[in-house]
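S.K.: Quick one: this structure, given as structure tokens, is what I'll be asking you about.
The values are calculated or read from the model by the stated rules, or taken from the named source; none is laboratory data. Because the structure is predicted, anything quoted here is derived from the model rather than measured. Positions of Cβ are backbone-derived with ideal geometry, glycine not excepted, and every protein chain shown enters the neighbour counts. Areas reflect the complete protein model, heavy atoms only, side chains present, ligands, DNA and RNA absent. Shrake-Rupley method; radii C 1.70, N 1.55, O 1.52, S 1.80 Å.
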Amino acid sequence: MDKPKVVLGVSGGIAAYKACELLRRLTESGHDVRVVPTASALHFVGEATWSALSGHPAVTQVWESVHEVPHVRIGQEADLVVVAPATADMLAKAAHGLADDLLTNTLLTARCPVVFAPAMHTEMWENQATQENVATLRRRGAVVLEPAVGRLTGVDTGKGRFPEPGEIFEICRRVLARGSAGRDLAGRHVVVSAGGTREPLDPVRYLGNRSSGRQGYALARTAVARGARVTLVAANSELPDPAGVDVVRVGTAVQLREAVLKAAADADAVVMAAAVADFRPAHYATGKIKKRDGEEPAPVELVRNPDVLAELSADRARPGQVVVGFAAETDDVLANGRAKLARKGCDLLVVNEVGESRTFGSTENEAVVLAADGGETPVPHGPKEALADIVWDLVAGRLA
Ligand code: CTP
């Protein structure tokens, strides 16, 4: 089989040096990558680096090898174009269809999916002009990743950071795999909760669970690749932030509830993949609880946590909002799942069978998705991303 053809467009930002790592990941995983740097990008990383890492001469000019008509051919032949980093200037040119260099020409001729990984200072990202350009590109079907939050060039911190190259690579992989299946969540805002809550007993101890967050992170990643704007409410997960996602970090069930309800206000769908503790200690000791010789330990008194899924389902923030829950069951999986679906009032419930070594922390999953309308979709054993795509198929079908 031919290697998938990827065009890596690089515009002139300091994050160009991180695009080298993305290029490496793409070539090492069997993609045929042509790098098209802009003239400004070459101020940051030179032609030799792009050529050596891609195994092809870096094409920088419309006026090189004119007999091969590069300004048309490169875009036409691509299976994916990824622009990383995408500067504010590049987003503006792409949104307005300008074609004053090889990369902008390539964007105009490409019929394949296009991913932009913006990186810039917060002010430039938040500028209304940039935001409108991003909205235009998304409306036309491009995947424009939300920049990460963190350290920027110089001393500044904020939104605008280039996402981790490994995570951009994951998005590219997903977009390529979907091919013509397209971006059916374009223009949608989805909220995903992930990880497991921790309910503190004292400053050093908590009641927690073994959820790794992997299923929720897979849901976030696959939704980005399908064109959605994604808010990920992450409870105590150690996984790296997925590229293109707004991540809100929380600790306890009460914090998770607040963050999810806030994000759900304008969401088309909410997927509760987090393992939320049903109970929390009734009292929090501000100092470390000490053992005393000859004394029995004091029992831990618990109180109920709010049921976020039931609350979301009962008070939909918008008409037609799709609410999805997860259920971890050890026995009578289907019967318990049906009862839980009815009790929680959600539209879909993904029922997993769990045990000591099953599901938690693993990269694979097996489940059945129960629907409130009686539907039942078995999901064979496979990667958590495959389950995630089935969930989004069912959600997209309900949103359509
Ligand atoms: N959930 C929630 N708020 C809680 C507990 C759970 O929103 N306080 C959500 C989880 O995110 C998940 C679903 O409810 O989507 C199912 O959680 P699960 O723990 O399996 O169900 P429980 O209601 O706790 O039922 P039980 O413990 O009796 O199995």
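S.K.: Compute the convex hull volume of the Cα atoms of region 5-181, divide it by the residue count, and report the result per residue in Å³ as a whole number.
M.R.: Dividing the Cα hull volume of region 5-181 by its residue count gives 102 Å³.
S.K.: Antiparallel DSSP bridges in the chain: what percent, to the nearest 5?
M.R.: 35
S.K.: What are the residues whose amide H is under 5 Å from the amide H of VAL35, where those residues sit 5 or more places off or on another chain and H is modelled from the backbone?
M.R.: Amide H neighbours of VAL35, under 5 Å, 5+ apart: LEU8, VAL59.
S.K.: Once both labels are modelled 7 Å past Cα along the beta-carbon direction, what's the VAL300-ILE14 spacing in nm?
M.R.: 4.5
S.K.: Follow-up question, since we're still on this one. Between PHE326 and residues 5 or more places away or on another chain, which pairs have amide H atoms under 5 Å apart, with H built 1.01 Å from N, and which residues are they?
M.R.: Those qualifying (amide H under 5 Å, at least 5 residues apart or on another chain) are MET272, VAL350.
S.K.: Where the centroid of each part is defined by its Cα atoms, how far is region 185-201 from region 78-134 in Å?
M.R.: 29
S.K.: In addition: Subtracting the Cα-Cα distance from 0.36 nm times the residue separation, let me have the gained length for ARG249 to ALA386 in nm, one decimal.
M.R.: Computed gain between ARG249 and ALA386 is 46.8 nm.
S.K.: Further question on the same structure: Leaving ligands and nucleic acids out of the surface, order LYS159, LYS384 by accessible area at 1.4 Å, largest first.
M.R.: LYS159, LYS384
S.K.: For the chain, what is the mean residue ellipticity at 222 nm derived from helices alone (per DSSP H run of n ≥ 4: -39500 (n - 2.57); sum divided by total residues; nearest 500 deg cm²/dmol)?
M.R.: Helix contribution divided over all residues of the chain: -10500 deg cm²/dmol.
S.K.: Can you list residues whose amide H is under 5 Å from ARG183's amide H, if they're 5+ apart or on another chain and H is modeled 1.01 Å from N?
M.R.: It is none; the list stays empty.
S.K.: Calculate, for ALA282 and ARG210, the FRET efficiency according to 1/(1 + (r/R0)^6) with r their C-beta to C-beta distance and R0 35 Å; round to the nearest 0.05.
M.R.: The formula returns an efficiency of 0.90 here.
S.K.: Please figure out what share of the DSSP beta bridges in region 5-181 is antiparallel and state it in percent, rounded to the nearest 5.
M.R.: 20
S.K.: Which whole-Hz ³J(HN,Hα) couplings does region 289-296 yield from phi under the Karplus relation 6.51 cos²θ - 1.76 cosθ + 1.60, θ = phi - 60°, glycine and proline marked x?
M.R.: 6, 9, 7, 10, 4, x, 9, 5
S.K.: OK, next. Roughly how many percent of the accessible protein surface of region 110-162 is carbon and sulfur, given a 1.4 Å probe and a whole-percent answer?
M.R.: That share works out to 50 percent.
S.K.: Along Cα→Cβ, 7 Å out, is where each label goes; now give me the distance between the ones at ASP156 and LEU98 in nm to one decimal.
M.R.: Each label point lies 7 Å from its Cα, and together they span 2.0 nm.
S.K.: So which of LYS3/LYS159; LYS340/LYS384; LYS262/LYS344; LYS262/LYS384 end up more than 24 Å apart, counting from Cα to Cα?
M.R.: Going by Cα-Cα distance, LYS3/LYS159; LYS262/LYS384 fall outside the 24 Å limit.
S.K.: Now for a separate question. Could you run the Karplus curve 6.51 cos²θ - 1.76 cosθ + 1.60 with θ = phi - 60° over region 101-110 and give me ³J(HN,Hα) per residue in whole Hz, x for Gly and Pro?
M.R.: For region 101-110, the Karplus curve yields 8, 5, 5, 5, 4, 4, 5, 6, 9, 6 Hz.
S.K.: Could you tell me the relative contact order of the chain? Use alpha-carbon pairs under 8 Å, at least six residues apart, and round to a whole percent.
M.R.: 11
S.K.: Each residue of region 323-332 in turn: what ³J(HN,Hα) in whole Hz from Karplus with 6.51, -1.76, 1.60 and θ = phi - 60°, glycine and Pro shown as x?
M.R.: After applying 6.51 cos²θ - 1.76 cosθ + 1.60, I find 10, 10, x, 10, 9, 9, 10, 9, 9, 6 Hz.
S.K.: Right, another one. On the Cα set of region 237-338, report Rg and Dmax in Å, please.
M.R.: 18.0, 60
S.K.: Also, quick follow-up: For the chain, what is the convex hull volume of its Cα atoms per residue in Å³?
M.R.: That works out to 171 Å³ per residue.
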